[in-house]
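The values are calculated or read from the model by the stated rules, or taken from the named source; none is laboratory data. Being a predicted model, the structure only gives us computed values, none of them experimental. Here the Cβ positions follow ideal geometry from the backbone for every residue, glycine too, while neighbour counts run over all protein chains shown.
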Amino acid sequence: MKHVSFLIISSISMLALSGCATTGMNTRTGYAFIGNSTEPVSVSNAAGSSKTGKACATNLLGIFVSGDSSIATAKREAGIKTVSSVEASTFNVGPFYGNMCTIVNGE
């Protein structure tokens, strides 16, 4: 019975720590077990940015993912027609939990 328990625990540990799925741990600022960062994605020549839209997706254990973090969803959420800048915001706790948001600014 000890061998079976050891095998099960080892298998779960290897799966959890294998890195086969990502929760946003690796960003431009580097790898972090616990991280919270916002980074630029793109900027346009459009003037002004009175509106801000945000669209997010969540990843749990690399198994369950929900949400829509697309630029189109962020634009629709704020009623933006002309995009002036796009940012990506990530929060993660190792390979266990990740939240990625796309932030769109514009008119």
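Some values worked out for this structure:
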| read-out | value |
| --- | --- |
| Selection within the stretch 42-67 - out of contact with any helix residue (DSSP H, G or I) (no Cβ under 8 Å at 6 or more places or on another chain), modelled with pLDDT of 80 or more and β-branched (Val, Ile, Thr) | Thr58, Ile63, Val65 |
| Yes/no for Ser70 being touching a strand residue (DSSP E or B) at 6+ places or on another chain (Cβ under 9 Å), modelled with pLDDT of 90 or more, exposed (fewer than 14 other Cβ atoms within 10 Å of the Cβ) and among the hydroxyl-bearing types (Ser, Thr, Tyr) | yes |
| Filtered residues of the stretch 53-67 (kept if of a type outside the set (Gly, Ala, Ser) and crowded, with 16+ Cβ neighbours inside 10 Å) | Cys56, Thr58, Asn59 |
| Residues being assigned to a loop (DSSP other than H, G, I, E, B) and hydrophobic (A, V, I, L, M, F, W, C) - total across the stretch 41-81 | 5 |
| Condition met for Met14 (surrounded by 11 or more Cβ atoms within 10 Å (Cβ to Cβ) and either at pLDDT 90 or above or out of contact with any Asp or Glu (no Cβ under 9 Å at 6 or more places or on another chain) (or both)) | no |
| Answer from Ser44, Ser50, Ser84 - the residue that is of a type in the set (Gly, Ala, Ser), touching a residue at least 24 places away in the same chain (Cβ under 8 Å) and surrounded by 15 or more Cβ atoms within 10 Å (Cβ to Cβ) | Ser84 |
